[in-house]
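What follows is a short report on a single structure.
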Amino acid sequence: MPSLKDLKNRIASVKATQKITKAMKMVAAAKLRRAQEAAEAARPYSQRMGVVLANIAQAVGTDDSAPRLMTGTGKDDVHLLVVCTAERGLCGGFNSSISRFARDHARKLLAAGKTVKFFCVGKKGYDSLRREFGGMIVERVDLRDVKRVGFADADAIGRKVIGMFDRGEFDVCTLFYAEFKSVISQVPTALQLVPAAPPAAASETGATALYEYEPDASAILTDLIPRNISVQIFRALLENVAGEMGAKMSAMDNATRNAGEMINKLTLSYNRQRQAQITKELIEIISGAEAL
């Protein structure tokens, strides 16, 4: 049984931890609002970009002049998985859920005889995936020193992906991230970047109007598809930042409450043991007095 001094030190230690988790919760809550606004502001632009891309792709159809980023290589033997996670932990199962989603997808591809390569954006995803797929990680981007994610960061990642495609290093590229729903809900999501996902039906995208393009539609797609890749990666990074802050806020709130419960239990044990020790000392004093 721990001594009174041990219990007292343990209570002081848990109280110090509780102060830290409470402070981290407040910091995450302060950052969450701005991150959530940025993620929600990026959604209409990325969705509208998809509508425009679908409209132009419908005009081009299966034209031989369509860019390879839209038509692909004609094969799906080599898959590149771009896995976006956070740089830091202490955010519950946020990072592990994305990594698990990408890991399950990779296992299915490997079981089907496909070749899988990983492009890790974020330290936590890299640390999780390298245990099982260390030899398949071909690229890694570290954003730890970036205080606020900007489009330039996403564009640099998009250019690397396009460069790898131009060199023939993969046939299909899929982006993995967590879509922010609420503070307690971040949904792991997969989005195919290359070849560009087939356009949805006109009734779904709103692409019902007919347009004439100048220059021709193929030339526009040649510039639009690389931009769309960067836009989708930028949206994924913003969604991840909002999701990370929401998950961290929830995790630190739970940790603070758990620390409070632990303090109450330790305090109860401390008081009981102290009372037992006082009672024992009183009994010894009374017994000694009666012996005289």
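One table, with the values for the structure above:
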| quantity | calculated |
| --- | --- |
| Apportionment of accessible area to carbon and sulfur, the stretch 1-158, percent (1.4 Å) | 52 percent |
| Per-residue HN-Hα couplings for the stretch 178-194 [Karplus 6.51, -1.76, 1.60; θ = phi - 60°; Hz; x = Gly/Pro] | 10, 7, 6, 10, 7, 4, 9, 9, 10, 9, x, 10, 10, 9, 6, 9, 9 |
| Charge context of Gln36, other residues only, Cβ under 15 angstrom, K/R +1, D/E -1 | +3 |
| Ellipticity estimate at 222 nm from DSSP helix runs (n ≥ 4, -39,500 (n - 2.57)) divided over the chain, nearest 500 | -22500 deg cm²/dmol |
| By average C-beta atoms within 10 angstrom, highest first, the peptides 171-182, 248-259 | 171-182, 248-259 |
| Cα-based reach from Lys147 at 18 Å (exclusive), listing lysines while leaving out same-chain residues under 8 positions away | Lys31, Lys123, Lys124, Lys248 |
| Furthest towards positive pole of dipole, Leu53, Leu4, Met26, structure part the stretch 1-59, Cβ charges | Leu4 |
| Lys, Arg +1 and Asp, Glu -1 on Cβ, resulting dipole of the chain about Cα centre, debye, nearest 20 | 1720 debye |
| Ratio Rg/Rh [Cα only; Rh per Kirkwood] for the stretch 1-99 | 1.29 |
| Beta bridges by DSSP in the chain, antiparallel share as percent, to the nearest 5 | 35 percent |
| Charge dipole (debye, nearest 20) of the stretch 20-110; +1 at Cβ of Lys and Arg, -1 at Cβ of Asp and Glu | 700 debye |
| Long-range Cα-Cα pairs in the stretch 213-284 (distance over 18 Å), rounded percent | 71 percent |
| Rounded tilt (10° steps) of 4-60 against the dominant C-alpha axis of the chain | 10 degrees |
| All-pairs alpha carbon distance profile, the chain, 10 Å steps from 0, percent | 6, 22, 25, 18, 10, 7, 5, 4, 2, 1, 0, 0 |
| The chain, relative contact order in percent, only Cα pairs under 8 angstrom and at least six apart counted | 33 percent |
| The chain: angle of helix 94-111 to the longest principal axis, Cα-based, in degrees nearest 10 | 50 degrees |
| Accessible area in the full protein assembly, largest first, 1.4 Å probe, for His105, His79 | His105, His79 |
| Average accessible area per residue (Å²) across the stretch 81-192 - probe 1.4 Å, nucleic acids and ligands excluded | 48 Å² |
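The values are calculated or read from the model by the stated rules, or taken from the named source; none is laboratory data. None of these values were measured; they are calculated from a predicted model. Reconstructed Cβ throughout: ideal geometry from the backbone, glycine too, with neighbour counts over all protein chains shown. The accessibility values were calculated without ligands, DNA or RNA, using every heavy atom of the protein model including side chains. Shrake-Rupley method; radii C 1.70, N 1.55, O 1.52, S 1.80 Å.
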